[in-house]
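Below you'll find the structure, written out as structure tokens, and then a few comments.
The values are calculated or read from the model by the stated rules, or taken from the named source; none is laboratory data. Since we're looking at a predicted model, the values are computed, not measured. Methodologically, a virtual Cβ is constructed for each residue, glycine included, from the backbone with ideal geometry; neighbour enumeration extends over all protein chains shown.
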Amino acid sequence: MRILAIETSCDESAAAYLEVKEGKVANFAHVVATQAIHAKYGGVVPEVAAREHSTTLPLVLAELAKNVVGKEDGAALGKKVDVVAVTRGPGLVTSLKVGVDTARALAAAWNKKLIGVNHIDGHVRAAWLPGAPLEETLKNSRGIFPALVLVVSGGHTELLLMRDEAQYSLLGATRDDAAGEAFDKAAKLMDLGYPGGPAISRLAGEGDASKYAFPRPMIDDQNFDFSFSGLKTAVRYFLQREREQLRDSQFVRDVAASVEQAIVDVLVAKTVRAAKQTHAKTVILAGGVAANPKLRRTLGDALTQQLPNVRYAEPPFTYCTDNAAMIAMAAYFTAKRGKFDEGKKMEADPHWELGR
Amino acid sequence: MKTVRVKNVKELDVFAKKIANGFCGGEVLGLVGDLGAGKTTFVQMLAKHLGVRDAVKSPTFILMQVFTTTGAAKKRGVTQLCHVDAYRLKNKTELDAIGFAEYAGTSGTVTVVEWADRVPEIHKFSGYQEITFDFLKNDGRFLRY
């Protein structure tokens, strides 16, 4: 099966090509819009893409064609495609529509099958991409389910249970800010700029994580929901009192480390508890915040200590942030079940909640 | 300009209910206040009082979300709540790019914009209103509208 996938749910314009033969990836390429691609055409990557996807996506598709068929030839690329896949939701309606309309047009023009993919399903399936931890289970995934997934990014914080290859149930989600947003906004309060999540994580490496006790919202609640907005407010009040100290670099490192610890503690505690309760055989970490070294290490250590028989699947850094490779992989699983969408009826669904 | 002091989320909810019940569709409401002031919490309360059933979360990352209303709000013609977050936006061009004008000010749609001070151009929408959130010393908030 040969899949062309498109992702435009928020800020990234991305496209990917994935060929799976007898349960193995036979051919694979993916492109995310970068400054280099835009520079060729004299443009810049917009930080807020939205409608700009319609300018960026053709460039990304041309670049993908070059990677797959050796030249910027869309017709030649189309001949090597069986299924056109696209992120249908959740996301920003204006952004999603550009991808969905493009995919619909390509599928109609090339007379190919079409699949609308859930963005979160994409993040999860990144674990099956080449070089990712579940790669070898692509052919036969027996023994890995039930699998528990923690999806953490700038826009999402969700705990999902996969009973089998096809069925998701949503166990819990954030009620306000996503974990990635908590990092970014704490960074802003510390004058580290926005988005400052990666800056916090860098500074935290040299800080004392036990120095300041920030709240761990909902950590003891028996449900699997999250809330990070209160932590943000606590950091705000704390810095208001200690404003002067922000000039001291060790203070900044200690605050960064303590904030990171608070966020990671909540994520890990809830994930491990959910894994125990659901008797999960695998725990999958996914999304942009999955690139945070502290989260990766802490979750890994907690699982080794408390659930040594559980398999821990950490995504490679390349597939943590939004990309279309993961959308192609999700479409592969959907296509395997014979579930396709009708071009005329398929619409963007900005609120599409997986597993609800 | 009116002012109100709210001591806690319960009092904020009472205020949100009053504002929500006053909507008849087409309003554009800007929210101004610092990180952690309670803007998203306030929108969650407005949504509840407009009969929105989907979960309303911070739209900082995805910028804009449109919800359908139910119940009494829908009956009196308020059919949609458009929740916008201008935190990541730098100018009006970006506001246009997210498709803001397709929803803002249209009949039946109530549009609420967090960080409205980042896009001052929205003042020109007819019937534009604004609520400013300030911190009080004792954890409460001081609202101006």
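Okay, here's what the table says:
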| item | result |
| --- | --- |
| Test: residue in the range B:106-126 that is over 30 Å from A:Ser9 (Cβ atoms) and either small (Gly, Ala, Ser) or at pLDDT 95 or above (or both) | yes |
| Enumeration of residues in the range A:299-319 that are modelled with pLDDT of 95 or more and not in a helix (DSSP H, G or I) | A:Leu307, A:Pro308, A:Asn309, A:Val310, A:Arg311, A:Tyr312, A:Ala313 |
| Single match in A:Lys185, A:Lys232, A:Lys211 (criterion: out of contact with any strand residue (DSSP E or B) (no Cβ under 7 Å at 6 or more places or on another chain), surrounded by fewer than 17 Cβ atoms within 10 Å (Cβ to Cβ) and basic (Lys, Arg)) | A:Lys211 |
| Some residue of the range A:23-38 being assigned to a helix (DSSP H, G or I) and buried (at least 23 other Cβ atoms within 10 Å of the Cβ) | no |
| Pick from the range A:1-20, criterion of a type in the set (Gly, Ala, Ser) and within 14 Å of chain B (Cβ to nearest Cβ), ranking: surrounded by the fewest Cβ atoms within 10 Å (Cβ to Cβ) | A:Ser13 |
| All positions within the range A:83-96 that are within 23 Å of A:Ala335 (Cβ to Cβ), within 11 Å of chain B (Cβ to nearest Cβ) and of a type outside the set (A, V, I, L, M) | A:Gly89, A:Pro90, A:Gly91 |
| Test: residue in the range A:273-288 that is surrounded by fewer than 16 Cβ atoms within 10 Å (Cβ to Cβ), out of contact with any helix residue (DSSP H, G or I) (no Cβ under 9 Å at 6 or more places or on another chain) and not in a helix (DSSP H, G or I) | yes |
| Qualifying residue in the range A:278-288 (condition: more than 15 Å from A:Val149 (Cβ to Cβ) and touching an Asp or Glu at 6+ places or on another chain (Cβ under 9 Å)) | no |
| Strands (runs of 3 or more DSSP E) contained in the range A:131-194 and holding at least 3 residues within 18 Å of A:Ala262 (Cβ to Cβ) | none |
| Odd one out for B:Val78 among (1) away from every other protein chain (no Cβ under 11 Å); (2) within 27 Å of A:Ala173 (Cα to Cα); (3) part of a loop (DSSP other than H, G, I, E, B); (4) of a type in the set (A, V, I, L, M, F, W, C) | (2) |
| Criterion: farther than 19 Å from A:Lys232 by Cβ, buried (at least 22 other Cβ atoms within 10 Å of the Cβ) and touching a residue at least 12 places away in the same chain (Cβ under 8 Å) - qualifying residue of B:Phe100, B:Phe42, B:Phe125 | B:Phe100 |
| Residues (among the basic types (Lys, Arg) and part of a strand (DSSP E or B)) located in the range A:94-130 | A:Lys113 |
| Restricting the range A:206-255 to residues that are among the acidic types (Asp, Glu) and in a loop (DSSP other than H, G, I, E, B), the residue that is nearest to B:Leu136 (Cα to Cα) | A:Glu242 |
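Residues checked against (1) more than 10 Å from every other protein chain (Cβ to nearest Cβ); (2) touching a residue at least 24 places away in the same chain (Cβ under 8 Å):
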residue: A:Gly193; (1), (2): yes, no
residue: A:Ala204; (1), (2): yes, yes
residue: A:Ala213; (1), (2): yes, yes
residue: A:Asp221; (1), (2): yes, no
residue: A:Ala234; (1), (2): no, no
